[in-house]
Amino acid sequence: MSSTSVIQVDNLRKTFREGFFRRRDIQALKGVSFDVPRGSIFGLLGPNGAGKTTLIKVLLGIVRRSSGNATVFGFTAGHRKARQQIGYLPENHRIPRHLTGHSALEYYGCLSGMSVRVIKQKREELLDTVGLAEWGTTSVSKYSKGMLQRLGLAQAMLHEPELIVLDEPTDGVDPVGRTEIRAVLKGLQQQGTTIFLNSHLLQEVELTCDRVAIMAKGQVKTVADVTELTKPGADLRLRLIGAREEVTQALTSVGINYPQMISDPDGSINVRVTTGDQGHVDRIVDALRARSITIRSLEPTRNSLEEAFLGLVRESTG
Amino acid sequence: MRPYLAVIKDSFREAFAARVLWLTLGLIGLFLFAIAPLSLDPGLATELESEEVIDGYGLAAELVAASRSDEPSPSRHLWSILSSSIREKVQEGAKAAESSSGRRGRLRREWNALLEKPEFYDAESWQDVELDDELHSLAVRDDLSEAELRARNRRLLAAAFPDHIRLDRTEVMYLSYFGWRLDAPIPISPEGKTKLVNEVVVATCAILLGFFGVFISILVTASLVPRTFEAGEISLLLSKPVSRPLLFLTRFLGGCAFTLVNAAFLMAGLWLVVGLRFDVWNPRLLLCIPIYLFLFMIYYAVSATTGAIWRNAILSICLTLVFWFTLFLLATARDTVEELVIAPNRLSQLIPIDDGLLVVNESLEVMQWSEVTPMGGPGWSEVFRDSGGGPPRFARRFAFADSGFRPVYDAEQDRMLALEALPGRGFGARSSSRVLVGHREQDWERESAGQAPTPMSSIFVDESGRVILVGLDHIYEFTGNAVEQSETQKWLAEKLSGFMKFGNDDAFRELRPDLDEWKPPFAVDMDTSTGALAVYSDGELSVLSIGEEGRYDLSATTDLEPEDKTGGIVVIRGDHFFLTRESGEVSLFDAATLKEIQRYTPFEESEVEQMTVSSDGRYVVALSDEKQAWLYDLQNSNDLSEAVPGQGDIEAIAFNSQKELITADRTSRVRVVNPAKMNIVAEYDPGLDITELAYRYCLNPMYIVLPKPGELNAIVNELLTQPDEASDDSSEDEFADQRRTHSELWSAFWSNLAFLVVILGYACWHVSRRDF
């Protein structure tokens, strides 16, 4: 494990007991291990019931682990000193309705150990950062869901923690707001803050995160950089002009049977083929040109995070 | 502390943000506004109260008798001004007087109707009545207002008939609202205003805060803790660097903010209104704020704990109400069983006889041990039974609480003797005492042996068989054989005792030397071997020994030091004169010189209720009001208390002629202990019936363990209505009652506090262990 890791999780397990008369065990985490590098934006992906929220709650000490180790800033997960350096935005959080934007920040800031004077100095700027500059004196009972998310993000950032844990931070936020939140998170990262992001919006994770862990059924299936999961794949996308039969024959001659072909209205044919090595690509080009088929474009395809995610999850569900 | 102060501050913020708080504050404000115009003003007493009409029928009889006389008198004059309808009623009352004893309040309405007559006073008729100067000047005035006239006539009536009318006050209080005076006066003197106001405030607080306040507060605050522990909120809170138990506790305390604000507003408002309008400035009223807050905290602890566990406000309210109802039922059930079953059966006196034991329970039933009772097994069977009927069994101990019924055994004639107090009734008859006798050979059948000329407080039998009766102003030897009464005389003596005097004075021989009358507090004991009497009378100790012709002579007397002038029970054995003190100490005096030679402290903070010494003077045993026995070996200066069985539950103590200690415990069990060998030599145990078992092993333990929030109302009552300290003229009984009450109230307070700590401790433990 790296010494620059903010979070270190090793073989972490959590078993819940359910039922009053007939007790049964439910294993929410089955030996989870990963590290979160300092200064990164780390995404946690997984289908519903994968154990993501349980993992976050164990890291914050809200849920006690059954076995294994989890440390945050070198302290046992849940330790008060670790929590002092964490800002947390829970999923479906509830800010008491009798508070205003200002008093909510005062309340949560004091809970984090800040003085009221410091909170008052910072809250206007912070509300401005999350787009609530005009709403500080308004009761949160009048806030929309997206505004509550922004306020939740503000309280998580208020005490300038070194680690911010966000559970579905853009839930209920409009696309413009999401872009703004992404910008805020990037800004925090530039200031050295580590961000641990749990979201089911894969595109958002792909756009925001440096590194992700994909969980399924209480286990981590993979931990990798986003660029690694989305590296160029083995498929080629070709745009050809020529007779459809000619194209089919040319590709069959180089071992590609039943290629996917879609004709465009302008007469061009879009073809996606799976290739082997570079020699195979050269032979495809030669075969097409030998039949006077014009190659208007040729580009390698790129895996999306969604494809990688689905691939891993399907693999685990068998 | 900053995070926890933030939680408390947030609770206040939430309380103020809640509309219901403003609603309750508004209602309290309206209530204070509504009572603000009330005032109590002094005025003349114009009505006779029930307790002031001592003997209305007697007065009626006097008026009727005077109507046949020609001599001018108030009775004759008043008869002459009576209306015909009232005359009829007065005549009926006069007839009733012949067959009915005096009861307060008789014909009160008729006497009050008489007061409004302007011709009430007639100088010739009242010429023999002693009137003070003020009343005399009022009597001759004819310009009195209606109220002044009634007040004057009221005083004239009392002056003319002091045996029948006894005025408690000349001024009463009138309740006014916005200056409008209510017609009916409040029968208290201006001096009693403070007490009345405080009692009304106590009742108001008990209803408004003790019941409705707590109920509304529970409804309003029930959701606070469950809401805090909802998934969306608790995750956020627990992610902060805060302690879970402290988070719960501060949330709990914050929840109390609602009650605090309301209680403070109401009590401070009441304090101001009562102070400004009634001139009763009682700062203790403000102390009720924390007391009612504490009361609320007990119920809210249940609500909050339930809320933390199940996170459901409805369930919190339901369980809190169930808890409330359970405590109420438990206290009611325990008190009912205690009053109807346990207390009447509880042994209070032990009377060793030659070959056994007689006992007396709190219903004043005398019993002896029987191997076969009508119920089947061994147990206590009643003897010396009172065949005169009287109140129901459970009420006997209240009805005869001051009767001084303490039977003694006369070994010489193998009989039992007891004194029965006879209250004075009607026509100014004074109270007296009757001597009851029961012989073993007649199966202890109770019979009246004579009526003492004056009230007696104690009866003793010395070893020679002399029966000595001691009262405040007489010492009699009861010979019981001087005058043989006829059957008619006996019947009359039985039926009219106290109403008319039928004493056979020749059966009572005066033995008292020429001394001043003894005064209460009074206690007396006899050394049965010598016949010497030890007396404690209002700070004075005396020893009387037998002199010529069996009469008593004062052999020693002394006044206790003014700062140490307290006493309770006296015991004399040989040279030893024991005196129990209010402080719980026991002083030992030399009986010859009455010099204090030793002082023992058998109990801390407890009063001695019973004390006796073995016949050889070696062992002394004392029983505290905490039911603890102190057994001391005077010969070896050794405390043997640990050897006494049943400590904490002992109800009566005695020594038998073999110098063995006899104790009664567990309601009706008696054990005989040999103090030399520290072993139990005999046991009389009738066992426990199902009700006693339920009481002893279920109701009482539950009552002890569970909190007693209702007792906090009693603390408020104590706080507001009792004086700061026992005044100089308060009796020892009042002082002891006050101390016992304080002790019980503090016990209730600690019990409630213990419950609060336990339940909040459990909640903290649960919260700290739980996954959210």
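The values are calculated or read from the model by the stated rules, or taken from the named source; none is laboratory data. On a predicted model such as this, the values are computed, not experimentally measured, just so you know. Positions of Cβ are backbone-derived with ideal geometry, glycine not excepted, and every protein chain shown enters the neighbour counts. Quick note on the areas: whole protein, heavy atoms, side chains included, nothing else; ligands and nucleic acids left out. Shrake-Rupley method; radii C 1.70, N 1.55, O 1.52, S 1.80 Å.
Table: residues versus (1) more than 24 Å from residue A:114 (Cα to Cα); (2) among the small types (Gly, Ala, Ser); (3) open to solvent by less than 40 Å² (accessible area, probe 1.4 Å).
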{"site": "A:40", "(1), (2), (3)": "yes, yes, yes"}
{"site": "A:50", "(1), (2), (3)": "yes, yes, yes"}
{"site": "A:73", "(1), (2), (3)": "no, no, yes"}
{"site": "A:77", "(1), (2), (3)": "no, yes, yes"}
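The residues of segment B:1-12 that are among the β-branched types (Val, Ile, Thr) and either within 47 Å of the chain's Cα centre (by Cα) or open to solvent by 10 Å² or more (accessible area, probe 1.4 Å) (or both) amount to a single one, B:8. Would you point out the residue of segment B:13-31, among those that are surrounded by 16 or more Cβ atoms within 10 Å (Cβ to Cβ) and closer than 20 Å to residue B:201 by Cβ, that is farthest from the other protein chains (Cβ to nearest Cβ)? Across segment B:13-31, the extreme among qualifying residues is B:31. Counting only residues that are open to solvent by 20 Å² or more (accessible area, probe 1.4 Å) and away from every other protein chain (no Cβ under 14 Å), segment B:214-226 holds 3 of them. Can you name every residue in segment B:516-536 that is open to solvent by less than 10 Å² (accessible area, probe 1.4 Å) and not hydrophobic (A, V, I, L, M, F, W, C)? Within segment B:516-536, B:527, B:531, B:536 qualify.
There is at least one residue in segment B:258-266 that is within 14 Å of another protein chain (Cβ to nearest Cβ), part of a helix (DSSP H, G or I) and either crowded, with 21+ Cβ neighbours inside 10 Å or in contact with an Asp or Glu (Cβ under 8 Å, 6 or more places away or on another chain) (or both). Of all the numbered requirements in (1) touching a residue at least 60 places away in the same chain (Cβ under 8 Å); (2) open to solvent by 10 Å² or more (accessible area, probe 1.4 Å); (3) not hydroxyl-bearing (Ser, Thr, Tyr), residue B:229 misses one, and that requirement is (2). Looking across segment B:648-684, the residues that are surrounded by 14 or more Cβ atoms within 10 Å (Cβ to Cβ) and part of a loop (DSSP other than H, G, I, E, B) come down to B:649, B:656, B:659, B:660, B:666, B:667, B:668, B:675. Looking at segment B:56-74, can you tell me whether even one residue there is open to solvent by 20 Å² or more (accessible area, probe 1.4 Å) and modelled with pLDDT of 90 or more? Checked against the condition, which is being open to solvent by 20 Å² or more (accessible area, probe 1.4 Å) and modelled with pLDDT of 90 or more, segment B:56-74 yields no hits at all.
If the condition is being under 18 Å from residue A:136 (Cα atoms), within 8 Å of chain B (Cβ to nearest Cβ) and not hydrophobic (A, V, I, L, M, F, W, C), then segment A:82-105 contributes A:94, A:96, A:98, A:103.
The listed residues are B:637, B:614, and the only one of them that is more than 23 Å from residue B:379 (Cα to Cα) and crowded, with 21+ Cβ neighbours inside 10 Å turns out to be B:614. Scanning for something crowded, with 22+ Cβ neighbours inside 10 Å, outside any helix (DSSP H, G or I) and at pLDDT 90 or above, does segment A:223-232 turn up at least one residue? No - not one qualifying residue is present in segment A:223-232.
Tally time: how many residues in segment B:616-639 are of a type outside the set (Lys, Arg), part of a loop (DSSP other than H, G, I, E, B) and under 18 Å from residue B:588 (Cα atoms)? Total meeting the criteria: 6. Of all the listed residues (B:8, B:86), the sole one being more than 14 Å from chain A (Cβ to nearest Cβ), modelled with pLDDT of 85 or more and in contact with a helix residue (DSSP H, G or I) (Cβ under 6 Å, 6 or more places away or on another chain) is B:86. Being open to solvent by 10 Å² or more (accessible area, probe 1.4 Å), at the interface with chain B (Cβ under 9 Å from one of its Cβ atoms) and not small (Gly, Ala, Ser) is the filter here, so list the residues in segment A:55-70 that pass it. Passing the criteria: A:57, A:64. Cβ-Cβ distances below 9 Å connect the following pairs, each with a first residue in segment A:18-30 that is open to solvent by less than 60 Å² (accessible area, probe 1.4 Å), a second residue that is among the charged types (D, E, K, R), and a separation of six or more residues or different chains: A:26/A:17; A:26/A:18; A:28/A:13; A:28/A:14; A:29/A:13; A:29/A:14; A:29/A:65.
Residue-level analysis places residue B:34 outside the set of residues that are within 14 Å of chain A (Cβ to nearest Cβ), open to solvent by 20 Å² or more (accessible area, probe 1.4 Å) and of a type in the set (A, V, I, L, M). Residues in segment B:594-615 that are over 21 Å from residue B:635 (Cβ atoms) and either outside any strand (DSSP E or B) or among the acidic types (Asp, Glu) (or both): B:594, B:603, B:604, B:605, B:606, B:607, B:609.
Given the residues B:718, B:660, which is the only one that is within 25 Å of residue B:603 (Cβ to Cβ), touching a helix residue (DSSP H, G or I) at 6+ places or on another chain (Cβ under 7 Å) and without any contact (Cβ under 8 Å) to a residue 40 or more places away in the chain?
Values: B:660 fails: touching a helix residue (DSSP H, G or I) at 6+ places or on another chain (Cβ under 7 Å).
The unique qualifying residue is B:718.
Specify the residue that is surrounded by the fewest Cβ atoms within 10 Å (Cβ to Cβ); the eligible residues are those in segment B:397-422 that are assigned to a loop (DSSP other than H, G, I, E, B) and acidic (Asp, Glu). Taking the candidates together, the pick is B:402. The combined condition, being away from every other protein chain (no Cβ under 14 Å), in contact with an Asp or Glu (Cβ under 8 Å, 6 or more places away or on another chain) and either open to solvent by 50 Å² or more (accessible area, probe 1.4 Å) or not basic (Lys, Arg) (or both), is not fulfilled by residue B:47.
For segment B:461-475, the set of residues classified as out of contact with any Leu (no Cβ under 8 Å at 6 or more places or on another chain) and surrounded by 17 or more Cβ atoms within 10 Å (Cβ to Cβ) consists of B:462, B:466, B:471, B:474, listed by residue number. Reported count of residues in segment A:85-104, each being in a helix (DSSP H, G or I), in contact with a Gly (Cβ under 8 Å, 6 or more places away or on another chain) and either among the small types (Gly, Ala, Ser) or touching a residue at least 40 places away in the same chain (Cβ under 8 Å) (or both), is 1.
List, please: which pairs have Cβ atoms under 7 Å, are six or more places apart or on different chains, and start with a residue in segment A:188-201 that is on the phi > 0 side of the Ramachandran plot and end with one that is part of a loop (DSSP other than H, G, I, E, B) and at pLDDT 90 or above? Hits for this filter: A:192/A:39. Condition check for residue A:120 on (1) over 19 Å from residue A:87 (Cα atoms); (2) open to solvent by 60 Å² or more (accessible area, probe 1.4 Å); (3) part of a helix (DSSP H, G or I): one failure, at (1).
A quick yes/no check of all residues on (1) open to solvent by less than 20 Å² (accessible area, probe 1.4 Å); (2) touching a helix residue (DSSP H, G or I) at 6+ places or on another chain (Cβ under 9 Å):
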position	(1), (2)
A:156	yes, yes
A:168	yes, yes
A:171	no, yes
A:175	no, no
A:183	no, no
A:195	yes, yes
A:198	yes, yes
A:206	no, yes
A:217	no, yes
